[in-house]
1. Which peptide among 201-207, 33-39 comes first, and what is the full order, when sorted by highest mean count of other Cβ atoms within 10 Å?
2. Straight-line reach from residue 310: which aspartates and glutamates have Cα under 15 Å away, leaving out those fewer than 8 places along the same chain?
3. May I ask you to derive the relative contact order of the chain, considering only C-alpha pairs under 8 Å and at least 6 residues apart, and to give it as an integer percent?
4. Under a GNM of the chain (C-alpha, springs under 10 Å), which listed residue has the highest mean-square fluctuation: 142, 219, 172?
5. For mean projected area of the Cα convex hull in nm², one of (1) 19.3; (2) 20.5; (3) 21.5 was computed from the structure I shared and the rest are decoys. Which label?
6. Tell me, in nm to one decimal, what length is gained between residue 132 and residue 364 on full extension, where the rule is 0.36 nm per residue of separation less the Cα-Cα distance?
7. Please give the peptides 149-162, 259-272 ranked by average Cβ packing (other Cβ atoms within 10 Å per residue), highest first, as a rough proxy for protection.
8. For each pair in 229/370; 206/370; 174/229; 174/370; 229/299; 75/370, compute the distance between the two Cα atoms and list the pairs where it is over 31 Å.
Amino acid sequence: MRIAHFSDTHLGYIAYSRLVNGINQREIDVFKTFERNLDSICDADVDVVIHAGDFFDRVRPSNHTIVNAYKRMHKFQERRGWRPFVIVAGNHETPSTADSGNILRLFGDPSGTGGIPGVHVFCDGIASVEIVPGLSLMAIPSRGLSEVAATTILPAGGSNVGVLVAHGLDVSLKLPSANFDARMFRPSEWSYMALGDYHVHRALSKNVVYSGSTDYTSSNIWEEVGTPKGWCLFDSDRGTVEFIEVEPVRGVFDLPLIDATGLDGAEISRRLEANATWPPEQDPIVRQRVRGVHPSARKEISGSVLRELKSRCAFYRLALETEIVEPGGAGESAGPRSIDHAWTEYAAQYSLPADIDRARFAERGAQLIKESQDETAEA
């Protein structure tokens, strides 16, 4: 049996401010990358497709996003003869209260008889089903993680292939928002564990795998630059997992760091131009970091150079780490220190109410700083 596993497509994702016919450019990009993955999976002629969460980027996507996704999924399913397609809800599309409807239910129900033929959607608690004869599948959507401790996590008896699908962050990733330990799922009992929520492709073991996101849609995409995007092909007969790379439609470049210690604005401007080596037809998303910028040099950076660089890409983020000059220090600095670093120190020391999680507090602040920097860079 051949099973395709992908995740975190985040349809409806919006970033930056460029619009095309009233639609955000990044939403268009992410959808086109989603289509590339569907075409790649269809060409592989798999028996079952699994999406491990965050199909949509938000609880209530726009009508445009929903309609386009439904049409493309219907076309995909028709092309592959309506064979099973499993979708497990992630945290992004899961409402905060269980009595609110999940938009994924439009695409199918757990029996695969509603919505698009062959589509099985699992939104709430843990479910164990036989999708096709011989395949025992356990679905653990984002909301179902709270039930793990009270549930027997094992494949159904008599099945040839056991597949567990879960959306969440494993503790081995060492992230502050980690919310489960994959060892609780008894990996040795399963043929394959398809995980979602982590945006970088990673195999925790031979049969426990994060497929990663299909495009750059996390709160900090720069952590993902240089890592491949795509989907995983699990072959139960051979016991193998192969990562199939599918390139996103728009490139993302994190340019080499510029150390501006002792440089004036004119020299910084020249180095910005020297680093901008991408072909103009690529129209990429770009970040240029510059550290150790003296306050006076920051004001001298050429506006015409910045305008030219921004005209050559979909988005250009200039991340300046300004040198902090101590008062009365005759120009001597305390070393490069960015607002990101200052926030990290502040969030670690600030006295919080008992019901506020410090890790989430720090993460949310960092996300807001990034959004503010992106808006400033676009101005």
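Each value in this text was obtained by applying a stated rule to the coordinates, not by laboratory testing. Fair warning: this is a prediction, and the values are worked out from it, not measured in the lab. All Cβ positions, glycine included, derive from the backbone under ideal geometry; neighbour counts span all protein chains shown.
1. Numbers: 201-207: 15.6, 33-39: 20.6.
Ranked from most to least packed, the peptides come out as 33-39, 201-207.
2. By straight Cα distance, residue 310 reaches 254, 273, 281, 283, 374, 375, 378.
3. Worked out over the chain, it gives 13 percent.
4. It is 172.
5. (3)
6. Gain in length upon complete extension: 79.4 nm.
7. 259-272, 149-162
8. From the list (229/370; 206/370; 174/229; 174/370; 229/299; 75/370), the Cα-Cα distance tops 31 Å for 206/370; 229/299; 75/370.
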